[in-house]
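Data first, discussion second: the structure below is written as structure tokens.
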Amino acid sequence: MGVTELLPQLRKLKRADKLYVMQFLVSELAQEEAENKIRRTEFHKALKISSGAWKDENHPELSSIDNIAKYVSDMRRENDKRLKEIYHE
């Protein structure tokens, strides 16, 4: 239910019920924001921990656009071959 459908119904409520709904909505929003902050914090922690894990010199096959295209093409070809073997095509 969207806000436009919800507003007429909220207007019909008594003041105490409106306050209850508002408290519920604020609580839900606060919980959602807290969960989002935790996710962002965990993501940034993981980024910091993994910083430096990838080194270009360890992956020369991915050092240029042409090398990346060849690598992806080779991987797809290998996967196609493997699937044909699995499914006897």
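A straight Cα-to-Cα reach below 25 Å connects Lys81 with the lysines Lys70, residues fewer than 8 places away in its own chain not being considered. Our helix-only sum for the chain, with -39,500 (n - 2.57) per DSSP H run of n ≥ 4 divided by its residues, gives a mean residue ellipticity at 222 nm of -27000 deg cm²/dmol. Say a paramagnetic label sat at a point 7 Å from the Cα of Ile49, along Cα to Cβ; which residues of the range 5-41 have their backbone N under 16 Å from it? It comes to 38-41, nothing else. Counted residue by residue at 0.36 nm each, then reduced by the alpha carbon distance between them, the extension gain from Lys70 to Ser27 reaches 10.2 nm. Compared with the dominant Cα axis of the chain, that is its longest principal axis, helix 65-86 is turned about 90°. On a per residue basis, the convex hull of the C-alpha atoms belonging to the chain measures out at 239 Å³. May I ask for the angle, rounded to the nearest 10°, between helix 15-50 and the longest principal axis of the chain, with both axes built from Cα atoms and the value confined to 0 to 90°? It works out to around 20 degrees.
Every read-out reported here was derived from the displayed coordinates using simple, explicitly stated rules and does not represent laboratory data. Computed from a prediction, not measured in an experiment: that's the story for all the values here. Reconstructed Cβ throughout: ideal geometry from the backbone, glycine too, with neighbour counts over all protein chains shown.
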